[in-house]
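A.B. asks: I have a structure I would like to understand better, so I am pasting it below and will then ask my questions one at a time.
The values are calculated or read from the model by the stated rules, or taken from the named source; none is laboratory data. Keep in mind that this is a model prediction, so the values were computed, not measured. Virtual Cβ from ideal backbone geometry, glycine too; neighbours counted across all protein chains shown. Just the protein is used for accessible areas: all its heavy atoms, side chains included, with ligands, DNA and RNA removed. Shrake-Rupley method; radii C 1.70, N 1.55, O 1.52, S 1.80 Å.
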Amino acid sequence: MPTVALPAFAKINTVLYVLGRRADGYHELRTVFQTIGLHDTLELSLLRRGRIELECDLPALPSGRNNLIWRAVAAARRALRLQAGVHVRLEKRIPIARGLGGGSSDAAAAILGLERLAGRPLPPEERLRIAAALGSDVPFFLFGGRALGIGRGEEIYPLPDAPKRTVLLVSPSGISVSTADAYRWLRAPRLTARPAHRTLRRFCALCWSGQGSLLENDFEAPVFRRHPRLPRIKRALLRHGAAEALLAGSGSAVFGIFQSPAMARRAAFAFPDDQVFLTETVSREEYLRAVRGR
Ligand code: C5P
């Protein structure tokens, strides 16, 4: 049976502003996503019997419709009018509940992989609609590289790539953060009829001025308050040579930007009890080449 294997890259947010809570319960975001080299791997193959099977090297992950990959395959299979069943083998490397977008990236890779396997692409609007219905971060992973996310994060505007950066990720052992909890801890005010013009203007200036190096994340204060070990990790990254450091998404991973892989490798010794990943930013071209397989 034909098989397609593709990577599902993790992301960090270099800027993450939460403007407020919307009428639908979601939060209005202004964020800059960036893909990094750390990745899961999905292997998809067609089955004669019309069912969806999911196999993962991490037994704790749900393998049925509770898994986002399962739901992504079901939606894409329906849209592609595919009779055959689908088997997905997932090699999980991106730590879970660390703000790195692993589940969302897996879902996007499942859609793109199934299109390759079926030998026909979905219309782009349909692919985006399926992705946005699966989760706020999923549409970003259809593009990769560096991109602006607005709305609940699902409205994506690709940005020019920034220069390649070395990233040291610290995934703290024993601290996981659920995204829904992190939003609750924020206690963001309800959005008023007048959107936060000042924030928006500042955000746009930040994105387009080439000041790509400024890192900011509204989740830091509330998540750091709940987990005091996280600000200590951030301070340790800075002390050990990171030019900048920030909480990844809604946490709990913290990343540092380093001038060289050698410096980042030395800094990694400061975190003997946590999982660390030495990686780098992935440009849109590199991303698309890897996930499209050409
Ligand atoms: O969209 P997704 O299912 O990934 O979101 C998970 C949870 O995070 C939502 O149920 C919601 O509580 C919260 N969320 C939010 N505002 C966003 C994105 C997510 O409140 N922009």
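A.B. asks: Looking at the range 114-182, which GluC sites (Glu not before Pro) are in a loop (DSSP not H, G, I, E or B) and have at most 11 other Cβ atoms within 10 Å?
C.D. replies: Working: sites: Glu115, Glu125, Glu126, Glu154, Glu155; in loops: Glu154.
When the GluC sites (Glu not before Pro) of the range 114-182 are filtered for loop state and at most 11 Cβ neighbours within 10 Å, nothing remains.
A.B. asks: Along the range 49-56, what does the Karplus equation 6.51 cos²θ - 1.76 cosθ + 1.60 (θ = phi - 60°) give for ³J(HN,Hα), rounded to whole Hz, x for Gly and Pro?
C.D. replies: 7, x, 10, 10, 10, 10, 10, 9
A.B. asks: On full extension of the chain, what length is gained from Ala221 through Arg292, given 0.36 nm per residue of separation minus the C-alpha to C-alpha distance?
C.D. replies: 21.8 nm
A.B. asks: Hey, another quick one. Report the local net charge at Arg184: Lys and Arg +1, Asp and Glu -1, summed over other residues whose C-beta lies under 12 Å from its C-beta.
C.D. replies: Net of charged neighbours comes to +2.
A.B. asks: Under a straight-distance cross-link criterion of Cα-Cα below 16 Å, which aspartates and glutamates are reachable from Lys234, leaving out those fewer than 8 residues away in the same chain?
C.D. replies: Glu216, Asp218, Glu220, Glu244, Asp273, Asp274
A.B. asks: For the range 3-159, what log10 I(q)/I(0) values come out of the Debye formula at q = 0.19 1/Å, with one point per alpha carbon and no solvent?
C.D. replies: -1.16
A.B. asks: Pick from Arg184, Arg89, Arg235: which residue has the top mean-square fluctuation in a GNM of the chain where Cα pairs under 10 Å get a spring?
C.D. replies: Among Arg184, Arg89, Arg235, the largest GNM mean-square fluctuation belongs to Arg184.
A.B. asks: Say we join alpha carbon atoms closer than 10 Å with springs in a Gaussian network model of the chain; which of Asp181, Asp137, Asp40 then has the biggest fluctuation?
C.D. replies: Asp181
A.B. asks: If I build a Gaussian network model for the chain, linking alpha-carbon pairs within less than 10 angstrom, which residue out of Gly251, Gly153, Gly135 has the largest mean-square fluctuation?
C.D. replies: Answer for the Gaussian network model of the chain: Gly135.
A.B. asks: What does the charge count around Leu288 come to, taking other residues whose C-beta lies under 14 Å from its C-beta (Lys +1, Arg +1, Asp -1, Glu -1)?
C.D. replies: So the surrounding residues net to +3.
A.B. asks: Tell me what the chain gives for mean residue ellipticity at 222 nm when only DSSP H runs of n ≥ 4 count, each as -39,500 (n - 2.57), the sum divided by the residue total, rounded to 500 deg cm²/dmol.
C.D. replies: Details: 9 runs with 95 residues, N = 294.
One gets -9500 deg cm²/dmol as the mean residue ellipticity at 222 nm.
A.B. asks: A further question follows. Heavy atoms only, probe 1.4 Å: what % of the accessible area of the range 23-112 goes to carbon and sulfur, would you let me know?
C.D. replies: Answer for the range 23-112: carbon and sulfur cover 48 percent of the accessible area.
A.B. asks: For the chain, state the average projected area of the convex hull of the C-alpha atoms over all orientations, rounded to one decimal in nm².
C.D. replies: Directional mean of the projected Cα hull area for the chain stands at 15.3 nm².
A.B. asks: Ignoring ligands, DNA and RNA, what accessible area per residue does the range 44-107 give at 1.4 Å, in Å²?
C.D. replies: Numbers: 3190 Å² over 64 residues.
I get 50 Å² per residue for this part.
A.B. asks: Still on this model: Assuming 0.36 nm per residue, please report the length gained on full extension of the stretch Arg239 to Arg93 beyond their Cα-Cα distance.
C.D. replies: In short, 49.8 nm is gained.
A.B. asks: How high is the FRET efficiency between Gln83 and Ala23 when r is their beta carbon distance and R₀ equals 51 Å, given to the nearest 0.05?
C.D. replies: After rounding to 0.05, the efficiency reads 0.80.
A.B. asks: Using r as the Cβ-Cβ distance of Gln275 and Glu126, and R0 as 45 Å, what FRET efficiency do you calculate, to the nearest 0.05?
C.D. replies: The pair Gln275/Glu126 has a calculated efficiency of 0.75.
A.B. asks: Follow-up. Given the Cα-Cα distance of Ala60 and Glu285 and 0.36 nm per residue of separation, how much length would full extension add, in nm?
C.D. replies: Value of the extension gain: 77.6 nm.
A.B. asks: Calculate the spin-label point distance for Ala162 paired with Arg232, positioning each point 7 Å from the Cα along the beta-carbon direction, and give it in nanometres.
C.D. replies: 2.8
A.B. asks: Right, another one. Normalising by the residue count of the chain, find the relative contact order in percent from Cα pairs under 8 Å and 6+ residues apart.
C.D. replies: Once normalised by length, the contact order is 25 percent.
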